[in-house]
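Report on the structure given below.
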Amino acid sequence: MNRKINQLIFSMMFLTVGISCQNNTENKKVEAVSSEQLASEINKNLPAQVAEKEHPGKAVYTKYCLTCHQADGTGVANMHPPLTPGSWVGNDPQELIAIMMKGLSGKIEVNGEVYKNFMPSHAQLTDEEIADVLTYIRTSFGNNFEPVTADMVKKIRSGR
Ligand code: HEC
């Protein structure tokens, strides 16, 4: 009698374990397939640029600013000031746009360091490129400031 009950309990346990294992593998299978499908569907429907999540201002920065201010915006000691938090990057966009238009020279202080160098004008860039690059530096290197629009650049360029 006891042995029979034991056997019964044993086979019930076996059955339960068996069923739950089966359920687990089935669940996993269904999940894996559907998330893969979802990811490929999402990628198919996104333009390449958005999928890479790269800000358009990064290309402008790489081409026109990186040699002096460096890829990570830390600049070069005693020569090119940093664009990291505490620099002028968070200043009024009008001031930054003016620097793009006219360049900058003379003695300035950034993050407690004095620079006495020369930055050329970047007025040759389009309103869009200036807005993009300023937005890029204002949201990179640890910065988190409001974007700059092409309209703001246009106004300052035309002296309005
Ligand atoms: C040839 C080197 C050079 C290039 C190229 C250059 N800069 Fe500068 N930048 C400087 C120097 C040098 C200063 C400081 C000028 C001074 O000492 O008066 C400066 C100052 C600045 C400042 C204000 C100070 C600060 O660090 O916050 C900003 C903002 C800035 N640059 C952004 C840019 C952006 C954006 C670009 C690209 C569109 C760019 N610079 C391209 C050399 C450069």
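Viscosity 0.692 mPa s, temperature 37 °C: give me the Stokes-Einstein translational D for the stretch 61-160 in µm²/s, with Rh taken as the Kirkwood radius over C-alpha pairs.
Details: Rh = 13.6 Å.
Rounded to a whole number, D works out at 242 µm²/s.
Applying a 10 Å radius around every beta-carbon, put 137-144, 115-122 in order of their mean neighbour count, most first. Numbers along the way, then the final one.
Details: 137-144: 17.4, 115-122: 14.2.
For the peptides 137-144, 115-122, the packing ranking is 137-144, 115-122.
With r as the distance between the Cβ atoms of L66 and E146 and R0 = 25 Å, compute the FRET efficiency 1/(1 + (r/R0)^6) and round to 0.05. Walk me through the numbers on the way to the answer.
Numbers: r = 23 Å, r/R0 = 0.92.
For R0 = 25 Å, the calculated efficiency reads 0.60.
Every read-out reported here was derived from the displayed coordinates using simple, explicitly stated rules and does not represent laboratory data. Here the structure is a predicted model, which is why all the values come from computation and not from measurement. Positions of Cβ are generated from backbone atoms using ideal geometry, with glycine treated the same way; all protein chains shown enter the neighbour counts.
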